[in-house]
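As structure tokens, the structure follows; a few thoughts come after it.
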Amino acid sequence: MGDGALGSDHVNYLVLRYLQESGFESAAKSLYREWYRNDQYRDPEQFPFAGVVKQHELVHIIQDGLFHDQLQATVANGPRRFTLTSNDVEQRTQRNKSLSRRQSVYTSNDQDEFALPAAKRVRQSNASDTLTNGDAMDVDDQRDEYDRTSNPSDQDRAQSEPEQVEQIIIETKAMGTQTDVKKKIRTQTMYWSIDKSSPVSILHTAWSPATASSSFLLAAGESLCRVYDVTRTSDSYLNGIENIDPLPMGPEHTVTAISWHPSGQYLTCALQGPSRVDGVQAYKAQLVDVSPSGDKRPYDDAFNMVTIALRYTRSGNTLFSASSDGQRSVLELRDTTSPKHHGLAVALGSVDNLVVDIAPISETSFAACGKGLVSVWTMKAAENNDDPEGATLVQTYVHAVPADINFDKIRYDWRHELLVAVATTSGHVCTLQKSSEGWSHGPSLTLPSDVGSRITAICFEPSSRTASEDRGHPKLSNGVLAPTRLAIGMMNDQSGSVCLYNTSSDGIALFTSLELEQQEPPLALSWTTTTIESDGTQARLAAASDEAIRIWDVTGKKAEDLLSWKAAPANWYQGDDNHLPDDEDATEPSLAWDIKGERLAFAVGRKMAIVSMAPEPATNGVNGTTTDD
């Protein structure tokens, strides 16, 4: 063998990488375990050549070999040695099929005249299915647009992976006529891992809510506060994305809560950390406004507590916050229209309990939940109207709940003025409804009994209008409000599911349950910010486990599968100590749509991915004819 020949270790490693990148996880693990049995076992990632193997290297080597064989045959004016992809094989195959059809005319009298062909197994495409067994192996006279041997520089080891068009199963009649026009989805995934030596865990991801600054993405959590500028250009996908760290974060600093201002001009972070770590300025407990360009402005804070929740109202004129020391909680209201809003809060309230989450209701009221607590708070003006800073926050309604139940998520439906609070561990649900007489117990919400008692996530479909605006909308008649959809993620030891409800002032009704596999529980949910009543837009719901995403189109009356995505192991586990872990990372994922509903940010631990989606032209199933909707 010459120096350029591949040894058995080279071939085994290339096959292992191909199986990982193509989504054949079981086969890859089997090969890995067989390799491990050898007494001379060596970690494949420790081979000297492992670091220089590019993505899809095995396929590229085969393609280059076939291309070289084709060139040799052309120069020598002779036959090709490898005819796997030659036109001769295709022509012979077509002739054999034609002959078989002609012979079948005389031998199929005893068969069904319109017998259906045997069903084929269709494997759904996802992020790992970047190559197929057919077209991607064909020799193409045109070389790749970008040199695959190039090593683009980026700040977070970002990798771009163009993905295969989703394979959608089409229902057909016996004659083979397609009855439904289906749109395909083309996806592109960019992976990267946070480039910090200290332990990092991403707890929050959030895109800017404004169209003008929609390319900015925040990733924050343990020892991390980073803003990315994800512009939609080819260079950004190939060469990485720009980012800044506006706040110096040590290994013991954590961003406990974040909230973008609706204008997209800045976001507010709640920081926690020791008084001083390696020269880093103190962040015991502090609120800071951070702009996408890195400018920052801290708030005055009189309480040394951990801020657990931050929420802006829809207008952005009010910022609510909830802080706690584990036993007692302080709630604050800040008027962002005031030039002094970075000072002390306009109104304060306290409760001898742990508040875990809050939900804005209006500019002066919000709901809070916690251990044995579900209540509504309202700002009460000072007795002396000349002293606006003397206002207080008071509980105007307290719902009776068991003292030992920890309600940790609360959401508000603006359209129907409905509150839903859940205890994720125990599965308890509480609803409140507002009427002309005030707040009271809301309609009953029943969870399916066969999906387990653990609630993983909850979110209302976003609405761009309030109840009063909805009643005057021309699409509605007789002042009747359209129902709002509520998604609740559930899981048990056998499976997971996403329960979709129609909520209204008349009641809450389950209209569908989306089943998921045990390995892909819905740990996080996210709706697109574009709403169902927006003309020409899709309402999409995404559910994520720690390595997979499911997306449904819920624009119509039923939810339709739109995309099944699974992280490619070769990219998702890059830099991990165990390249093929048997136990997946149990860290709760973070999931967020951008303002246009086209890009989905996904983060687990220190790993991040952005899944970008674009529709392909629809086909009517006859000769590949395209149709415009």
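Quick notes on this structure:
- Number of the exception - SER449 against (1) closer than 17 Å to CYS499 by Cα; (2) not in a loop (DSSP other than H, G, I, E, B): (2)
- Taken as a whole, the condition of being closer than 21 Å to TYR412 by Cβ and part of a loop (DSSP other than H, G, I, E, B) applies to SER362.
- Among the residues listed as ALA368, ALA400, ALA359, the single one being closer than 24 Å to TYR266 by Cβ and among the hydrophobic types (A, V, I, L, M, F, W, C): ALA359
- Qualifying residue in segment 478-499 (condition: at pLDDT 95 or above and either touching an Asp or Glu at 6+ places or on another chain (Cβ under 8 Å) or farther than 30 Å from LEU516 by Cβ (or both)): yes
- Some residue of segment 571-589 being at pLDDT 90 or above and either part of a strand (DSSP E or B) or under 18 Å from SER497 (Cβ atoms) (or both): yes
- Selection of segment 22-34 for residues being closer than 16 Å to VAL59 by Cα and in contact with a strand residue (DSSP E or B) (Cβ under 9 Å, 6 or more places away or on another chain) yields only GLY23.
- When each of ASP325, ASP357 is tested for being touching a Cys at 6+ places or on another chain (Cβ under 7 Å) and of a type in the set (D, E, K, R), the lone residue that passes is ASP357.
- Among the residues of segment 321-349, those identified as hydrophobic (A, V, I, L, M, F, W, C), under 15 Å from LYS380 (Cβ atoms) and part of a strand (DSSP E or B) are LEU331, LEU333, ALA347, LEU348.
The values are calculated or read from the model by the stated rules, or taken from the named source; none is laboratory data. Just so you know, these numbers come straight off a predicted model, no measurement behind them. Cβ sites come from the backbone with ideal geometry, for glycine too, and all protein chains shown count toward neighbours.
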